[in-house]
Amino acid sequence: MTAAASMEDVVREILSSARGGVVPIVVVGEPVLRAPAAPLVDQLEVRTLERLVEVMRATMHDAPGVGLAAPQIGIPLRIAVIEDMYEVDPEMAEARDRTPLPFRVVVNPTYTAIGDARRSFFEGCLSVPGYQAVVSRPAAVRLECVDSNGNEIDEIVRGWPARIVAHETDHLDGMVYIDKAVTRSLASNEVYGELWRDPSPERAAASLGFELSQE
């Protein structure tokens, strides 16, 4: 059995477990979330790749979330789906520079910071359920990748979409958001919803005793 056929079989097995088009999300502690994912080249047949994208998108929506990387469903390949079309409070959207992000597939992505500006906000992760924490990330990033059709992408992404790109690409490098989070900001979803669901985390920083990286 070839390496390509082996990955094809792994992916098909995971996809066969889908119920209602949705598969289970892997949670932190599983080795697949801590190993750099392999570049996606020709390991998958075209129909298998198309089905993988369909299932990843459905699983992301079901969670619900704004991004999902393949390792989060147990597949160690460098592919992720991102989409953020949720309605958001206007004040929250303005403070976080949260603009609509239509659905897209990113294959073999890398990102680099554009400039020195950084923004700190609470974020969560489908693979670390039940918690939120503040993470400082670049305000803008350069995204280099290919789409699911093999078209090369090289663009600047700003604001909240840049955070999503960075978060999902980190997954493909074996990292989860808590690796970069301000640990003193860690809060359960319940506490976050009751106390810290502000447009910015400034009040949480003052109360919990941590500094924000805002440049």
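The values are calculated or read from the model by the stated rules, or taken from the named source; none is laboratory data. As the structure is a prediction and not an experimental result, all values here were calculated from the model. Quick reminder, even Gly has a Cβ in these numbers, built from the backbone with ideal geometry, and neighbours come from all protein chains shown. Heads up: the accessible areas ignore ligands, DNA and RNA and are worked out on the full protein's heavy atoms, side chains in. Shrake-Rupley method; radii C 1.70, N 1.55, O 1.52, S 1.80 Å.
Data table
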read-out: Single residue of ASP198, ASP173 found to be out of contact with any Leu (no Cβ under 9 Å at 6 or more places or on another chain), in contact (Cβ under 8 Å) with a residue 60 or more places away in the chain and of a type in the set (D, E, K, R); value: ASP173
read-out: Check on VAL165, assigned to a loop (DSSP other than H, G, I, E, B) and surrounded by 15 or more Cβ atoms within 10 Å (Cβ to Cβ); value: no
read-out: Some residue of the range 100-107 being more than 26 Å from VAL28 (Cα to Cα) and open to solvent by 70 Å² or more (accessible area, probe 1.4 Å); value: yes
read-out: Any hit, the range 172-195, residues being in contact with a Lys or Arg (Cβ under 9 Å, 6 or more places away or on another chain), basic (Lys, Arg), open to solvent by 70 Å² or more (accessible area, probe 1.4 Å) and not in a strand (DSSP E or B); value: yes
read-out: Options ARG47, ARG34; residue that is without any contact (Cβ under 8 Å) to a residue 60 or more places away in the chain and of a type in the set (D, E, K, R); value: ARG47
read-out: The range 14-36: number of residues that are over 26 Å from MET175 (Cβ atoms) and among the charged types (D, E, K, R); value: 1
read-out: Test result for SER213, among the hydroxyl-bearing types (Ser, Thr, Tyr), more than 17 Å from the chain's Cα centre (by Cα) and open to solvent by 20 Å² or more (accessible area, probe 1.4 Å); value: yes
read-out: Residue check for VAL23: crowded, with 19+ Cβ neighbours inside 10 Å, in contact (Cβ under 8 Å) with a residue 24 or more places away in the chain and either touching a His at 6+ places or on another chain (Cβ under 6 Å) or within 23 Å of GLY124 (Cα to Cα) (or both); value: yes
read-out: Hits in the range 196-210 (condition: open to solvent by 70 Å² or more (accessible area, probe 1.4 Å) and within 28 Å of PRO100 (Cβ to Cβ)); value: ARG197, GLU202, ARG203
read-out: Verdict on THR112 being in contact with a helix residue (DSSP H, G or I) (Cβ under 8 Å, 6 or more places away or on another chain) and β-branched (Val, Ile, Thr); value: no
